[in-house]
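*Asks:* The structure that follows is given in the form of C-alpha cells.
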Amino acid sequence: MSLLQHPIFSEALGPFGWVFMFIGGFIFLVISVLIANYLHKDAIKRSINAEFWLVFGLFFNIFGIIL
C-alpha cells in the first residue's frame, strides 16, 4: 500500500480533491502574473531593469513586492 492510498490521505479532500488543487493552482498563477505586472510597471517608472523585476515577481511573488 502506497502512502497516497492510505485512508488519511485519500479522503482528505474527498473525491473531487483534484478540483480544489486545480482552482488553487490557477489562483496562484493569476496572482503571480498580477504581481509580476505590477513590479514591471513600477520598474519602468523608476528606470531600472524592468525585465529582471518581471521575472523576479513571477517566480518569487510576495518577496518581490517586499523588496
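*Asks:* Take I27, I35 and order them by how many other Cβ atoms sit within 10 Å, fewest up front.
*Replies:* Ascending number of Cβ neighbours within 10 Å: I27, I35.
*Asks:* Another question, if that's okay. Expressed in nm to one decimal, what extension gain is obtained for the pair V33 and F60 from 0.36 nm per residue of sequence separation less their Cα-Cα distance?
*Replies:* Separation in residues times 0.36 nm, less the Cα-Cα distance, equals 8.6 nm.
*Asks:* Give, in nm to one decimal, the length gained when the segment between S47 and F26 is fully stretched (0.36 nm per residue of separation minus the Cα-Cα distance).
*Replies:* Full extension of this stretch gives 4.4 nm more.
No value in this document is a laboratory result; all are computed from the given coordinates. Worth saying up front: this structure is predicted, and the values here are computed from it rather than measured. Methodologically, a virtual Cβ is constructed for each residue, glycine included, from the backbone with ideal geometry; neighbour enumeration extends over all protein chains shown.
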